[in-house]
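What follows is one structure encoded as structure tokens, with my remarks underneath.
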Amino acid sequence: MVFLAQYALHFRFEVFLRIENYVTMVAMDVFDRFLFAYTIGTHIILVTMSITLIVLISIAEFIGIRRGDRHYMVLSERLTKVFVISFGVGTASGIVMAVEMINLFPAFMTLVASTGAIALFYAEVFAFFLETFALVIYVYYRNAFSGKYTHWVFSVFIALCSIGSAVFITMVNAWMNSPNGFNFAEFIATGQVTGVNPWAPFITPTTFAQVAHVVTTTVFTGAMMVGAYFAYKYLKTSDSDGKAFYTKGLKLTGIVSIVGIILSGATGSHEMGTLLTSQPLKYAALDLNYLPGTNLPERLFGFLQNGNYVWGIEVPNVQSLLAYFETGTKELPGLTQYPLSDWPPLYIHTSFDVMVTGGLLLGLFLFIMALMWIMRRNPFGSRFMLYSQGILGVLALVVYELGWMTDEVGRQPWIVYNVMRTDAAANLTPSLFVPGLLIVVFYAILIPLTFYFFARVFNARGLSDDLSGEAPNGGVNY
């Protein structure tokens, strides 16, 4: 047995050694980028659900109290159970991300710790602390308040803190896109951080545009996803109480989605205008402008071949008109104005077009929904609308992920724009490869299981029991 154990241990080390030797032939910075992109891409799903759930919970509870509507109160209570799971899993996932930032990009974290950008991380942690504190009171002390709206106020506080956490992390990303608050020239020349302004990272040229777009698209995406589940349950339910309950859930997510798509479109347009002035190379790559100029067309799909745009659609003058309307700029940037080594991967043009096309489809669906309400027709009486809600709920997540991918890949090869390249910030140690693969496998299992438990917890009790207001064993409904 001892021999077998020693052989197994030796075999394991041999396997790891062979893997590490192979990895040395592959750029570890590429793997670092992939691993962090994969981790944050899955983490964002949990963040989207958490932020949206607490917004829906707060609105549903307010309507339930205001109207004395038990359906909305039950909706709030059930969504709270799901939110607690999302909060817990998201917290653990956030810790994994924090460790990855330190392990995968140590030079970046050293730069952050030497500048005012570190204060944004502290602010995010403080907002998270307040959110946790309020959540405990909200969940476990519902019956401790005599005021009609006192318990509901805590849901508003949780929502503000949850959104606040997302805002501060987005501000870090905005600082990476348009860094400020220290002497760039000195850092690039000597590697020394001097002239630090600790408050500057809180307001960069891209902060407002990016925060506004992230918050609105996050809530919109989550509302579409929750609405997709409600549509599925409505189709599966036959009793009248169930139909009424899920109809109200669909109304809630529908209204939030309609408001969200309008704000997402407006903030997205503003963010493109901000890119034009703060990250002109990324702007040129998104619109596939090989040469600078005026009266440029809007290009849909296609790609560059020897400097020529092929296999796509060009709409004359539209790009220039939109840019002039947003920023008053006439001369638009082109890729040839910048060194080839600074160009981001040009497939972000395609990902950007897919994102915009998906957003237009979502907008069309919600326009039809709003029109049906205006005409006093029930959009959820149509199976076509219900099936569309289910499909487009998934599409909303795809569009959201593409938006983040486009933004992050569009900044490459820089991790901090025009200051630090990603390969210079990355940890090139091959021993990170195997743990990284295990994390990939872990998340591939975690996300489906989390959504499975969302559904199980949401439907843990019969709807009639919840609507009766009776808690099991005389306790609270949580």
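All of the numbers you see were taken from the coordinates with simple rules; none came from a lab. Source: prediction; values computed, not measured. Cβ atoms come from the backbone with ideal geometry, glycine included; neighbour counts cover every protein chain shown.
A few comments on the model shown:
- Cross-linked pairs Lys148/Lys233; Lys148/Lys243; Lys81/Lys243: Cα-Cα separations exceed 26 Å for Lys148/Lys233; Lys148/Lys243.
- The ellipsoid that matches the Cα gyration tensor of the stretch 395-472 has semi-axes, each √(5λ) in whole angstrom, of 43, 19, 10, with the longest given first.
- Burial ordering of Val409, Val434, Val74, fewest other beta-carbon atoms within 10 Å first: Val434, Val409, Val74
- Mean-position separation - Cα centroids, the stretch 81-120 and the stretch 125-167, in angstrom: 22 Å
- Residues in the stretch 64-80 carry Karplus couplings, in order, of x, 5, 4, 9, x, 9, 5, 4, 6, 5, 5, 4, 4, 5, 5, 5, 5 Hz; the curve used is 6.51 cos²θ - 1.76 cosθ + 1.60 with θ = phi - 60°, and Gly or Pro positions show x.
- In the chain, helices alone account for a calculated mean residue ellipticity at 222 nm of -25000 deg cm²/dmol, with every DSSP H run of four or more residues adding -39,500 (n - 2.57).
- Rounded D (µm²/s) - the stretch 94-176, Kirkwood Rh over Cα pairs, Stokes-Einstein at 4 °C, 1.567 mPa s: 90 µm²/s
- Three-way shape label, the stretch 253-361, alpha-carbon gyration tensor, a/c 1.5: prolate
- Average projected area [Cα convex hull, the stretch 41-162], square nanometres: 8.2 nm²
- Within the stretch 216-426: Cβ-based charge dipole about Cα centre, in debye rounded to nearest 20 (Lys, Arg +1; Asp, Glu -1): 960 debye
- Principal axis extents of the Cα atoms in the stretch 216-426, from largest to smallest and rounded to whole angstrom, are 65, 41, 30.
- The stretch 206-225 and the stretch 396-419 have Cα centres separated by 15 Å.
- Principal axis extents of the Cα atoms in the stretch 93-133, from largest to smallest and rounded to whole angstrom, are 33, 24, 6.
- Global geometry of the stretch 337-478, whether rounded, prolate or oblate, following the gyration tensor of its Cα atoms and the 1.5 cut on a/c: oblate
- Ellipsoid semi-axes for the stretch 118-265, based on the Cα gyration tensor and the rule √(5λ), read 40, 21, 11 Å when sorted largest first.
- Taking one quarter of the surface of the C-alpha convex hull of the chain gives a mean projected area of 29.2 nm².
- Neighbour-count ranking [beta-carbon atoms within 10 angstrom, fewest first] of Phe220, Phe31, Phe230: Phe31, Phe230, Phe220
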